[in-house]
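Bear in mind that the values in this text are calculations on the coordinates, not laboratory data. Bear in mind that the values here come from a model prediction, so they are computed numbers and not experimental data. Because the Cβ atoms are built from the backbone with ideal geometry, glycine has one as well, and the counts that use them run over all protein chains shown.
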Amino acid sequence: MPGVTVKIPSRVRDRLKALARGSSKTMGRVLEEAVTCYERNLRDDRYLEGWTRFQRDEPEAFAEYLRESQEIQATLTDAVPE
């Protein structure tokens, strides 16, 4: 697999190497998983920022959304046998 050279601080390389050794993975695989995790965290942060903005900027619409969600949740248990 072709690769590239990336300059990173020695301490980061050492941490990456230790993680790879401890998990029986390649440094490249550990780095790939770290980037995937970072992307997921960024996506989650943006999602939460959107909810915060929605709640702050449109409190009436947000309250209506919550009311509708509670109504839907209440009906979901109607189909569950007792």
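For residue 53, what is the net charge nearby, where nearby means another residue's Cβ is under 14 Å from its Cβ and Lys, Arg count +1, Asp, Glu -1?
Details: positive: 46, 56; negative: 45, 49, 57, 58.
It works out to a net charge of -2.
Taking K and R as +1 and D and E as -1, what net charge do the other residues with C-beta under 13 Å from the C-beta of residue 23 add up to? Don't skip to the answer; put the middle values down first.
Working: positive: 15, 17, 21, 25, 29; negative: 32, 33.
Surrounding charge for residue 23 is +3.
Do the sum for the chain: with -39,500 (n - 2.57) for every DSSP H run of n ≥ 4, divided by all residues, what is the mean residue ellipticity at 222 nm, to the nearest 500 deg cm²/dmol?
On the way: 3 runs with 63 residues, N = 82.
Computed mean residue ellipticity for the chain: -26500 deg cm²/dmol.
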